[in-house]
Amino acid sequence: MQIPSARRVLLALLPAVLVCALGHDAGAGETREVNVYSYRQPYLIDPLFKKFTEATGIRVNVIFAEKGLIERMAAEGRNSPADLLLTVDVGNLMQAKEAGVGQVVHSQALEKEIPAAYRDSEGIWWGLTRRARVVYASKDRVKLDAITYEELADPKWRGKICIRSGQHVYNVALIASMIAAHGEAETETWLKGLKANLARKPAGDDRMQVKGVYSGECDLAVGNTYYMGAMLKNDKEPEQKEWANSVNMLFPNTNDRGTHVNISGAVLAKNAPNKDNALKLMEFLASDEGQEMYADVNNEYPVKEGVPWSPLVKSWGPFKADPISLNEIAALRKKASELVDKVGFDDGPSS
């Protein structure tokens, strides 16, 4: 198919426009700056970048988007101004790896600070913060202080569970962890049981599941821990504080294999024009100071052991994290996604 000439011109100019937007001249060599493509909201990462600039003199330029950055990096190819990609969930990190937009990083500092379970076995993606996938339970209608993921398929919860799409990366990773623990056949049975217990067709983000508990639509919801912090701190939409205060947070399987955790992370861009500066930024984010700040502003857990949790996160109580490597979770994601479709999970409970 012929591309109209005007569109060809725009496509040809796109990398140059982005280079100008990020303040990098590809012909000038490495500068005192680093260019970040980020799926993380600017307000969640700006404090870290300011601290990094104060410490190093390296300016951080950021392009934020909710989607499409990996595809953009692939399309820009060698002309990409991106030095570093920041994103969430091992699924998105694997997408970047499989798209070929990252490069292997060799760093003794990163290898020392980031546990092997939270980094790519080949050194392409690196975890920076952790989040647990938990059960939010109604304070009024559910009297529990412990639960397991397996119990979510118990018929006693028929019509009482809210959850987002089974094909969302957060749930695909959770289902992959179930496959790792129980095998594919048993996980399929569990997924059918969970589907039968849904209060409605999966829809919305994790906040909307907690809202469903608040409104009485369901008694349990599945969501990530950092959403609790996001709701409790939301002064622009104070009703979200009411949603958060209507539930207790239960860490599944704390008394056996542990609660499923996932990560936010970084990928060093394949064609990074400021590679050394990008590596310095990665190492800063993995340092004690960077870990404490990054986890605090995002209401998440550091990946590095021994770094203090923020007071808010600490108030949620202790839990045991499932020790399984996210490399294994990543390898099982395809099977997990196939199971979601096989049982018709996103069709809802009555299908």
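The values are calculated or read from the model by the stated rules, or taken from the named source; none is laboratory data. Please read all numbers here as calculations on a predicted model, not as lab measurements. Cβ sites come from the backbone with ideal geometry, for glycine too, and all protein chains shown count toward neighbours. Accessible surface areas use protein heavy atoms only, side chains included; no ligands, DNA or RNA. Shrake-Rupley method; radii C 1.70, N 1.55, O 1.52, S 1.80 Å.
For residue 310, the test of being open to solvent by 20 Å² or more (accessible area, probe 1.4 Å) and either in contact with an Asp or Glu (Cβ under 9 Å, 6 or more places away or on another chain) or of a type in the set (S, T, N, Q) (or both) is failed. Across the range 134-189, what is the number of residues that are within 20 Å of the chain's Cα centre (by Cα), small (Gly, Ala, Ser) and open to solvent by less than 30 Å² (accessible area, probe 1.4 Å)? Counting residues in the range 134-189 that are within 20 Å of the chain's Cα centre (by Cα), small (Gly, Ala, Ser) and open to solvent by less than 30 Å² (accessible area, probe 1.4 Å) gives 4. Taken together, 271, 255, 234, 262 contain a single residue that is on the phi < 0 side of the Ramachandran plot, out of contact with any Cys (no Cβ under 6 Å at 6 or more places or on another chain) and assigned to a strand (DSSP E or B), which is 262. Tell me which residues, restricted to the range 156-197, are in a helix (DSSP H, G or I), more than 18 Å from residue 252 (Cβ to Cβ) and in contact with a helix residue (DSSP H, G or I) (Cβ under 9 Å, 6 or more places away or on another chain). Across the range 156-197, the qualifying residues are 169, 184, 188, 192, 196.
Results for (1) in contact with a strand residue (DSSP E or B) (Cβ under 9 Å, 6 or more places away or on another chain); (2) part of a loop (DSSP other than H, G, I, E, B); (3) within 13 Å of residue 132 (Cα to Cα), shown as yes or no for each residue.
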| residue | (1), (2), (3) |
| --- | --- |
| 285 | yes, no, no |
| 289 | no, no, no |
| 292 | yes, no, no |
| 295 | yes, no, yes |
| 299 | yes, yes, yes |
| 306 | no, yes, no |
| 312 | no, no, no |
| 317 | yes, yes, yes |
| 323 | no, yes, yes |
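Where the second residue is open to solvent by less than 70 Å² (accessible area, probe 1.4 Å) and in a strand (DSSP E or B) and the first is of a type in the set (Ser, Thr, Tyr) and lies in the range 49-71, which pairs have Cβ atoms under 8 Å and are six or more apart or on separate chains? Qualifying pairs under 8 Å: 53/60.
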